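Report on the following structure.
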Amino acid sequence: MSAATRPRALADLPAQRAAAPESDAQARARYFNSGNAFDLKLPPVPDTVFLDEPARALDPSAPTGLVACDVSDQLQCPGPATSPLILARYARICAGETLNARFAASGVLHYVMQGSGTTRAGSESIAWRAGDVFITPGGSELRHTANACDAVLWLVTNEPHLAFECLGAPTADHAPTGVVHYPADEIERQIALIQEIGGTDDIAGAALVFSSDLQEASRNALPSLTLAMNTLAPGTMQRPHRHNSVAVTLVIQGDRCYSMIDGERKDWASWVTTVTPPTSVHSHHNEGDALALFLIVQDGGLYYHARAMGFEFVDA
């Protein structure tokens with residue numbers, strides 16, 4: 001490189017290659033520096049509200065199938081993604097029909113929005129109804145069958161995370177979860193207990209956190225994903241706070257409820273999926289007359305493991 005063509009700053013230097021590689025392994029090497037290696041600028045996670053996707057899944061004329069909450073074009077991800085590491089979908093299963101699926105994920109988180117039916121994962125089968133939560137191992141062949149009425153499920157996986165690492169789903173012998181079922185009546189009992197005891201100002205809301213025997217030590221639903229049913233009593237708000245994990249949320253019930261995200265108001269609507277970007281200052285508000293319920297998935301397991309969750313209250 002001549003003096004005339006030499007960049008004026010390290011940041012302007014393009015990726016370098018070996019001057020005279022003696023093997024294919026040496027030819028594959030690329031060299032960066034402290035000026036140009038750390039200025040990679042990726043698109044931010046958009047503050048998104050998915051309205052069309054639940055409407056399509058709940059449309060009585062819609063066929064059995066999956067509807068992805070996909071902003072991969074905005075994120076510049078190679079495959080469908082709701083956030084860089086999470087993908088949420090709606091699954092519609094028409095009455096008496098079966099939806100077959102297999103996901104390249106560590107596991108699959110499910111919430112039953114409407115209807116009832118059964119799911120077979122490998123050799124195990126469970127019966128579910130509206131309000132149930134259940135988890136299945138990733139890579140398993142899933143057979144979701146609706147009963148006499150149409151069913152709609154909300155599904156969340158970490159497929160974008162595994163795709164980023166060029167990994168496949170775990171084998172059955174090494175799956176981080178088995179089939180785990182949380183029936184609606186038990187969820188209601190657990191939430192009632194939390195409401196009875198009550199929280200304090202140093203706790204972020206009153207949430208029921210779902211875990212299992214294999215994940216009890218981490219208190220997560222999956223190694224990388226946390227799953228919680230958050231509640232908000234009428235006339236109350238959740239203190240402004242932020243954290244390094246993204247939050248992908250299904251609004252279950254929240255009449256006259258809204259969130260504030262970095263100073264912008266986001267009104268709720270039943271069954272929409274919302275995304276709260278990482279590090280955004282956010283709070284939740286219930287101006288209605290009933291308990292608000294919203295199911296939240298975060299990639300918090302990664303940040304807890306890295307000791308980098310970065311949770312803090314940010315009161316005005």
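The values are calculated or read from the model by the stated rules, or taken from the named source; none is laboratory data. The structure displayed is predicted, hence computed values, not measured ones. Here the Cβ is made from the backbone with ideal geometry for all residues, glycine too, and neighbour counts use every protein chain on show. Side chains included, ligands, DNA and RNA excluded: accessible areas come from the protein's heavy atoms. Shrake-Rupley method; radii C 1.70, N 1.55, O 1.52, S 1.80 Å.
Structure notes:
- Size descriptor, Kirkwood hydrodynamic radius, that averages inverse alpha-carbon separations across the range 171-239, Å: 13.7 Å
- Full extension of the segment from A192 to D73, taken as 0.36 nm per residue of separation minus the current Cα-Cα distance, would add 38.7 nm.
- In whole angstrom, the range 240-282 maps to an equivalent ellipsoid with semi-axes of 18, 12, 7, each derived as √(5λ) from the alpha carbon gyration tensor and ordered largest first.
- If R0 equals 30 Å, the separation of the Cβ atoms of R129 and L214 corresponds to a calculated FRET efficiency of about 0.75.
- Rel. contact order, % - alpha carbon contacts under 8 angstrom, at least six apart, the range 1-135: 14 percent
- Convex hull projection area averaged over all views, the range 127-268, Cα basis, nm²: 11.2 nm²
- Sites D289 and I203 - FRET efficiency at Förster radius 35 Å, r taken between beta-carbons, to 0.05: 0.90
- Restricting the calculation to alpha carbons of the range 22-168 gives Rg and Dmax of 19.3, 68 angstrom.
- Most mobile listed residue (A221, A269, A192) in the chain, GNM with C-alpha springs under 10 Å: A192
- When nucleic acids and ligands are ignored and a 1.4 Å probe is applied, H174 ends up with an accessible area of around 140 Å².
- Neighbourhood charge, 12 Å Cβ-Cβ cut-off, centred on G235 and excluding it, Lys, Arg +1 and Asp, Glu -1: -1
- Largest to smallest principal axis extent of the C-alpha atoms in the chain, angstrom: 74, 51, 41
- Degrees, to the nearest 10: 184-197 long Cα axis against longest axis of the chain: 90 degrees
- Using the Cβ-Cβ distance between M309 and R8 with R0 set to 45 Å, the FRET efficiency from 1/(1 + (r/R0)^6) comes to roughly 0.65.
- Each peptide in 252-260, 69-77, 32-40 gets a packing score, the mean of other Cβ atoms within 10 Å over its residues, and the list from highest to lowest is 252-260, 69-77, 32-40.
- The tail of the calculated P(r) for the range 1-64 beyond 16 Å holds 71 percent of all Cα-Cα pairs.
- The chain - accessible surface per residue (Å², probe 1.4 Å): 51 Å²
- The range 256-288 versus the range 76-105: alpha-carbon centroid distance in Å: 24 Å
- Take the Cα of A269, step 7 Å toward its Cβ, do the same at L66, and the gap between the two points is 2.5 nm.
- Two-site label geometry, R17 and K41: point separation in nm, points 7 Å out along Cα→Cβ: 2.7 nm
- Directionally averaged shadow of the range 205-294, computed from the convex hull of its alpha-carbon atoms, nm²: 5.8 nm²
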